[in-house]
Structure formats: C-alpha cells, structure tokens
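Novice: Can you keep this structure in mind? I'll have questions shortly.
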Amino acid sequence: MSDLLSIGASGVRAYQTALSVVGENIANVGVAGYTRRVTQLSEVSAGVGLVERQGAGNGVVMAGVVRAGDAYATQNLRNASTDLARTETGATWLQRIEQGLTGNELSTRLTGFFTSATALAAEPTSSALRTGMISATQSAAIAFKATGDSFDQMAANLDESAQLSVRTLNSLAASLVKVNDGLGRTLPNTAATAQLADQRDQILEQMSAIADVGVSTDALGRATVSIGGAGGPAIVKGENQGVVSYSRTGGNAVFTVTTAGSMAPDVVSVNGGVLAGVGEAAERIAGARSELNTLATAFVADVNAVQVAGKDLDNADGTELLDAPATNPTDMTLLFTEGSKIAAAKPTATKPFSVRDGSNLADLATARVNGGYEAKLTALINGNATAYKQKSVIADAQTAIRNGASTALTSAAGVNIDSEALDLMRFQQAYQASSRVIQAARDTFQSILEIR
C-alpha cells in the first residue's frame, strides 16, 4: 500500500508542477520575448536496496522545466535585426542630408544670382537692377552659409546619436553580465533559469540592433558576446564586461572596445546595426560637406575674378565682392553692399569705358557654364536621393525578412493556446487520476485495518 501511495503522491506533485507551467504559458501568450516552457517528466528508477518486483514501478518525477527555444531561429532573428537596423539608420541620415541640401533653396538662389547678373548686363545703369544683384548675391551667400551650418549641425547630431547608441550598448552589456551571474547561481532546468534565459535573449536582440554581435553560450546558458561578429573583441564574457567607445574624424567613425583587464582599446570594425549605419552616415555627410565646400570655393573665386577684371559705375577698378574663409568656405560674406561698385563694364584699348557697358558681367555667364554650380548641386542632390530610394527598397525587403524570422521563432518557441489547452486537460486528468490512486490506496489500507 505504501508503494501505491507514494506512486500516487509522486504523480500529484509532478502534475501539479506541470499544470503550473501550462498556466504560466497561457498567462504569457502573446507576451514579447516569452519562450514557452515545457515540463520534463521521467519515471522514478528503483534505488539501491529497494525491492524490485516484476511489473512494479516507483512513480514519476519532474526532471525539470525547459524552454522550447530554437537557437537557429533566434540567431536568424538577430541577424535580420542587425541588417535592418543598419539600413534604416543609413536611410534616416540620407533623408537628413537631402533636407540639408534642399531646405535652404541654395540651387534656386544660385540661379537667382546668375539671372540678376544677366539682367544687369543688359541694362548696367539701372540702380534697381544693381540693388537686385547685390540682394541676390546676399541671398546666395546666406543660402551657402545656412546649408553649411546645417551640415555642421547634422554631424553634431550624428555624434550625439552615436554616443547614445554606444551608452545603450554598454548598459545592455552590464545587464547581460547580471543575467550571466544569475544563470551561474541558479539550478539548471528550473523556471528561474528559463526566466533568466528569456531576459538574456531579449538583451541580445537589442544589442544586435545596435551592432553586429557574435554570441556563444556555455553549459549554464551564460553568454559571451563579441562586437563586430564572432571574431571581434568581447564586450561580455561571463561576469566580465568591456566598454565600447565612439569617436569621429571627418568621415571616419571609429569604434573601440576596451575589454576587461585590458589597458588599451581595440579598434573594431562594426558591420551591422545602428553603429554601422552611423559609420555610413558619417562618410556621406563628410562627402557632401566636402563637395559643398568645393562648390563654394569655386563660386567665390569665379565671382571675384570677374569682379576685379572690370570697372564699376564710377570707372574705378572692380574689387572682390565675396569673402570666404579657407577653412569654412560656405561661411561667405559680402565685402560691399553698394550697387554702384558692381564692375559691369570691361573697357579695352579700342573700346573706352562706358556706363552702359555690361560686357564684364557676360563672363559670369561663362563661369556659370564652366563651373556648373547648379548642375553639380543638382547632381549631388539627385545622387543622395537615389541612394535614399535604394536604401528604402532594401529596408522594405529586410523588414519582410525580419518579420519572417520573427514568425519562425514564434512558431518554434512561442505559446500556442490550442496546444496549451490540450496540455491543460491532459495534465488535469493525470492529476485527478493520481489523486484517485492516493484515495484508492487509503481506502484499501483502511479496509485492511478494519479486518478483524
């Protein structure tokens, strides 16, 4: 009778736990990051010294609570998140570059400047047209400066964004170290271990959206994480954490990792996630800024060359119209605002000075064609727009890939309410049956006691 009683008791204990696990699964259906738990049951084997009889058993025992995870599906989701984050970050900054190039209407104001010069060349004595050309020059200079300032601000914002992402990555690494510590202190195949493993995987997915990471786990589930892929320096290894840093020189974004116990940081090549998108953006912002500087330098040089080659309305030698510092040529300013100082005339030995002479301004039209200012600016805008469109198309495709990877992981590790309902009924029946076994053992034992 004691054997029958212990068998029933073992069933009650085991299926009570199994029902709790199923209830936990049902309670967390649809919860992001939750992985379905499965109860492992096994037969109680006879121990040393126990009398074994033919056909007799020793009951059931709960071997543990395990996660129904899929390592391959989890890795695929991390890879998809890494690729998508890089593309989306790159697309965001390409859009910012487009806004910087077009938001101040630089192309329109350059056209307005050359149009005003053409109008003045046809009627060089008009004070209104001279004032108009001064105004158009001022407008073009303001547009150059505003566009340059927007790129400077863009670069500063990029640095702030990168620093924030790096701080988040370091914070996630610190959290993962705590999870690793918890996994090292917790018994395997328990509900507590499953909860910690869920936290670990959620942290790893967030880290993979920031940078491409290589992940490996030991027998206890503790994660070792390297940045820049499996061959990069470790930012988490057991309970040791490295520190990621960011700096930028021009178009070069530099990421370093100082591992635990190391005195010098290691430069790492980040190929995925937000940080890789930042690296691309830094290069594109610096490239566009360089082209803008080249355009501004050429514009100022050509305008001043034409101006000093002619005579102003008072037959005085023309003087430079614009000034631009060599270190920041978009930060240009006007050197005079009097319309009479515009050198429209170009007297020669055979053609004396005339106030109605506007031939010198014709050289601006030539400079316009040769310099191709508007065409170069348009090409820069169109090139950036094309890159943005390509990124958007790639992002759409990668979003579909990530959604597919997420669905695959959910199918493998998520909670299916129908399956849990079946398990609930099955374990409930087993629990009730085990209770009846106990009752039968008690009734039988009572009957024996009542025999006189």
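Novice: Condition first: open to solvent by 20 Å² or more (accessible area, probe 1.4 Å) and in contact with a helix residue (DSSP H, G or I) (Cβ under 9 Å, 6 or more places away or on another chain). Now tell me which residues in segment 179-194 satisfy that.
Specialist: Across segment 179-194, the qualifying residues are Thr186, Leu187, Ala191, Ala192, Thr193.
Novice: Looking at segment 103-120 only, could you name the residues that are closer than 21 Å to Val355 by Cβ and either more than 50 Å from the chain's Cα centre (by Cα) or basic (Lys, Arg) (or both)?
Specialist: Ala119, Leu120
Residues checked against (1) in the same structural domain as Thr115 (by the TED database); (2) at pLDDT 95 or above:
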| position | (1), (2) |
| --- | --- |
| Ala140 | yes, yes |
| Glu160 | no, yes |
| Ala173 | no, yes |
| Ala197 | no, no |
| Ile203 | no, yes |
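Novice: On to the next question. Do the conditions hold for Ala146, that is, is it open to solvent by less than 50 Å² (accessible area, probe 1.4 Å) and in the same structural domain as Glu291 (by the TED database)?
Specialist: yes
One line per residue, one yes/no per condition, for (1) free of Cβ contacts under 8 Å to residues at least 40 places away in the same chain; (2) closer than 16 Å to Ser359 by Cα; (3) among the hydrophobic types (A, V, I, L, M, F, W, C):
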residue	(1), (2), (3)
Lys311	no, yes, no
Asp317	yes, yes, no
Leu321	no, no, yes
Asn328	no, no, no
Thr333	no, no, no
Thr337	no, no, no
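Novice: Identify, please: which residue in segment 333-358 is assigned to a helix (DSSP H, G or I) and open to solvent by 40 Å² or more (accessible area, probe 1.4 Å) and is, among those, nearest to Gly148 (Cα to Cα)?
Specialist: Filtering first and then ranking leaves Lys341.
Novice: Residues that are part of a loop (DSSP other than H, G, I, E, B), among the acidic types (Asp, Glu) and farther than 17 Å from Ser161 by Cβ: does segment 226-247 have at least one?
Specialist: For segment 226-247, residues part of a loop (DSSP other than H, G, I, E, B), among the acidic types (Asp, Glu) and farther than 17 Å from Ser161 by Cβ: present.
Novice: Is there a residue in segment 46-57 that is within 22 Å of Val215 (Cα to Cα) and at pLDDT below 85?
Specialist: The answer is no, given that none of the residues of segment 46-57 is within 22 Å of Val215 (Cα to Cα) and at pLDDT below 85.
Novice: Answer yes or no: is there a residue in segment 166-183 that is in a helix (DSSP H, G or I) and either closer than 23 Å to Thr297 by Cβ or touching a Phe, Trp or Tyr at 6+ places or on another chain (Cβ under 8 Å) (or both).
Specialist: Yes; the residues of segment 166-183 include at least one that is in a helix (DSSP H, G or I) and either closer than 23 Å to Thr297 by Cβ or touching a Phe, Trp or Tyr at 6+ places or on another chain (Cβ under 8 Å) (or both).
Novice: Return yes or no: is Gln307 among the polar types (S, T, N, Q), in a helix (DSSP H, G or I) and either more than 30 Å from Ala146 (Cβ to Cβ) or under 20 Å from the mean Cα position of the chain (by Cα) (or both)?
Specialist: no
Novice: Please go through (1) assigned by the TED database to the domain that holds Ser126; (2) over 30 Å from Ile97 (Cα atoms); (3) among the β-branched types (Val, Ile, Thr) for Val437 and return the number of the only condition it doesn't satisfy.
Specialist: The one condition Val437 does not meet is (1).
Novice: Return the total of residues in segment 195-205 being farther than 11 Å from Val66 by Cα and open to solvent by 60 Å² or more (accessible area, probe 1.4 Å).
Specialist: Here the count works out to 2.
Novice: Out of Ala192, Ala197, report the one residue that is in a helix (DSSP H, G or I) and without any contact (Cβ under 8 Å) to a residue 12 or more places away in the chain.
Specialist: Only one candidate qualifies: Ala192.
Novice: If you don't mind, there's one more thing I want to ask. Answer with yes or no whether Val274 is out of contact with any Gly (no Cβ under 9 Å at 6 or more places or on another chain) and crowded, with 22+ Cβ neighbours inside 10 Å.
Specialist: So Val274 passes the test.
Novice: For a quick check of your reading of the model, give me the residue pairs whose first member lies in segment 424-438 and is within 12 Å of Ser6 (Cα to Cα), whose second is at pLDDT below 85 and open to solvent by 70 Å² or more (accessible area, probe 1.4 Å), with beta-carbon atoms closer than 7 Å and at least 6 apart or on different chains.
Specialist: That search, which allows pairs on different chains as well, returns Ile438/Leu5.
Novice: Okay, next question. Please indicate, with yes or no, whether at least one residue in segment 392-406 is more than 22 Å from Gly69 (Cβ to Cβ), acidic (Asp, Glu), part of a helix (DSSP H, G or I) and open to solvent by 80 Å² or more (accessible area, probe 1.4 Å).
Specialist: Looking through segment 392-406, at least one residue is more than 22 Å from Gly69 (Cβ to Cβ), acidic (Asp, Glu), part of a helix (DSSP H, G or I) and open to solvent by 80 Å² or more (accessible area, probe 1.4 Å).
Novice: Taking Val254 as the residue in question, decide whether it is part of a strand (DSSP E or B) and farther than 29 Å from Tyr34 by Cβ.
Specialist: In short, yes.
Novice: Among the residues of segment 208-233, write down those that are out of contact with any Ser or Thr (no Cβ under 6 Å at 6 or more places or on another chain) and in contact (Cβ under 8 Å) with a residue 60 or more places away in the chain.
Specialist: Ala211, Val213, Val215
Novice: If you scan segment 359-371, which residues turn out to be surrounded by 15 or more Cβ atoms within 10 Å (Cβ to Cβ) and either more than 16 Å from Leu129 (Cβ to Cβ) or in contact with a strand residue (DSSP E or B) (Cβ under 8 Å, 6 or more places away or on another chain) (or both)?
Specialist: Of everything in segment 359-371, those that are surrounded by 15 or more Cβ atoms within 10 Å (Cβ to Cβ) and either more than 16 Å from Leu129 (Cβ to Cβ) or in contact with a strand residue (DSSP E or B) (Cβ under 8 Å, 6 or more places away or on another chain) (or both) turn out to be Ser359, Asn360, Asp363, Ala367, Arg368, Gly371.
Novice: Next question, about the same structure. Can you tell me which residue among Glu123, Glu88 is under 25 Å from the mean Cα position of the chain (by Cα), surrounded by fewer than 20 Cβ atoms within 10 Å (Cβ to Cβ) and either of a type outside the set (Gly, Ala, Ser) or not assigned by the TED database to the domain that holds Ala367 (or both)?
Specialist: Going through Glu123, Glu88 in turn, the sole match is Glu88.
The values are calculated or read from the model by the stated rules, or taken from the named source; none is laboratory data. Bear in mind the structure is a predicted one, so any value in this text is a computation, not a measurement. Counting neighbours? That spans all protein chains shown, and the Cβs are built from the backbone with ideal geometry, glycine included. To get the accessible areas, we keep the full protein, side chains included, count just its heavy atoms, and leave off ligands, DNA and RNA. Shrake-Rupley method; radii C 1.70, N 1.55, O 1.52, S 1.80 Å.
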